[in-house]
1. What's the number of the only condition in (1) buried (at least 16 other Cβ atoms within 10 Å of the Cβ); (2) under 22 Å from the mean Cα position of the chain (by Cα); (3) not aromatic (Phe, Trp, Tyr) that Ser208 fails to meet?
2. Just to verify a result, which residue in the range 67-85, among those that are exposed (fewer than 15 other Cβ atoms within 10 Å of the Cβ) and within 30 Å of Ile259 (Cβ to Cβ), is farthest from the chain's Cα centre (by Cα)?
3. Please work out which residue is nearest to Glu238 (Cα to Cα), limiting yourself to the range 257-310 and to residues that are assigned to a loop (DSSP other than H, G, I, E, B) and among the hydroxyl-bearing types (Ser, Thr, Tyr).
4. Give Asn92, Asn137, Asn111 a once-over and let me know the one that is under 27 Å from Trp247 (Cα atoms), modelled with pLDDT of 90 or more and surrounded by 15 or more Cβ atoms within 10 Å (Cβ to Cβ).
5. When you scan the range 199-223, how many residues do you find that are farther than 19 Å from Asp292 by Cα and among the β-branched types (Val, Ile, Thr)?
6. Which residue, of Gly266, Gly305, is within 23 Å of the chain's Cα centre (by Cα), more than 19 Å from Phe166 (Cα to Cα), at pLDDT 90 or above and assigned by TED's automatic domain parsing to the domain that holds Thr63?
7. For a quick check of your reading of the model, give me the residue pairs whose first member lies in the range 247-267 and is more than 17 Å from Gly88 (Cα to Cα), whose second is of a type in the set (Gly, Ala, Ser), with beta-carbon atoms closer than 7 Å and at least 6 apart or on different chains.
8. Residue pairs, Cβ under 6 Å, 6 or more apart or interchain, first in the range 53-77 and at pLDDT 85 or above, second assigned to a strand (DSSP E or B). List them.
Amino acid sequence: MKKILFAVLTVAGVWMGQAQTEEELKATLAEKKDSIAAIQGRANAIQAKIDALPGWKLGAFGTIGGSISQFNNWYAQGFPDNSSGNIGFSFNAFANLQEEKFFWRNALTTNLSWVKFDDKNDPTDDDSFREATDVFNLSSLYGRKLSDKFAVSGLMEYRTTILNNFNDPGYLDLGVGATWTPIQNLVVVIHPLNYNFVFADDDTIFNSSLGAKIVADYTRKIGAVGFKSNLSAFQSYESGDLSNWTWTNSFSYTLWKMIGVGFDFGLRNNKQETLNYVRNLAATPDATATFDSIDNDLQTYWTLGLSYSF
């Protein structure tokens, strides 16, 4: 009986010792995490001061994603003999000049991808890589500072596709107004006087007009995480059918050195592009379609893959 009691007490003592050790380790870990958070906070504060210094600030990051596959006699699927693949990449770059009395911000955003699906049993199908995502955006914003947060500004922004139908359509915004920078890394542009030039072969659908331009851009890197969000909207004074907006987002997480995981997605609303698609590009084009007769569906895209930070 004494031996049994001794064994029970020994096991209980070991268990209590392990439990106590585990609690102590968890407490130590919590202290270390608090220390890391404090160090990161100080580092972010120093980086913010560096970003606010006069001079040029340059940066770029991108995402690459892709896959290939091949099936032979895989009868469980509808196309037992096929080869398929997709490849895509996005690239974001900026060159910003910050001076005491003025600033000049320049940005480039691209997102391109190709896909293929070759049914080996159908000799008439298209076995080449075809364009899937096609986004190109270039902007330049100059501002003369009135205070730390407000400036009078001028904006040039150009948007188009480059793989297919280059500059058809293409959009060039030129306008003046004010720029507001309420916090670090956030830029809000409000230009009530803006002309939206639209370049296209079909001028019965695509028309230029005068309107207001609003842009909001937030770009930041915190440790291993980098992200950029940009909203660009044009409100036509002539007709709501000529208005448009695009919202793009890019995220990257560095896993090792400059390589990591990236995710991009975008949303767009453009009634002129929708009407052009229904009239000319759809599987069953409708030449009689009008702005009032179409469903202006939301345009979207996303890309997930490896990222590389420059």
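The values are calculated or read from the model by the stated rules, or taken from the named source; none is laboratory data. The structure displayed is predicted, hence computed values, not measured ones. Backbone-built Cβ (ideal geometry, glycine too); neighbour counts: all protein chains shown.
1. Condition (2) is where Ser208 drops out.
2. Gln70
3. Thr290
4. Of the residues listed, the single one that is under 27 Å from Trp247 (Cα atoms), modelled with pLDDT of 90 or more and surrounded by 15 or more Cβ atoms within 10 Å (Cβ to Cβ) is Asn137.
5. 4
6. Gly266 is the lone residue from the list that is within 23 Å of the chain's Cα centre (by Cα), more than 19 Å from Phe166 (Cα to Cα), at pLDDT 90 or above and assigned by TED's automatic domain parsing to the domain that holds Thr63.
7. Correct list of pairs: Trp247/Gly266; Tyr253/Ala224; Tyr253/Gly260; Thr254/Ala224; Thr254/Gly260; Thr254/Ser309; Met258/Ser309.
8. Trp56/Leu97; Lys57/Asn96; Leu58/Ala95; Ser69/Ser84; Gln70/Ser83; Phe71/Asn82
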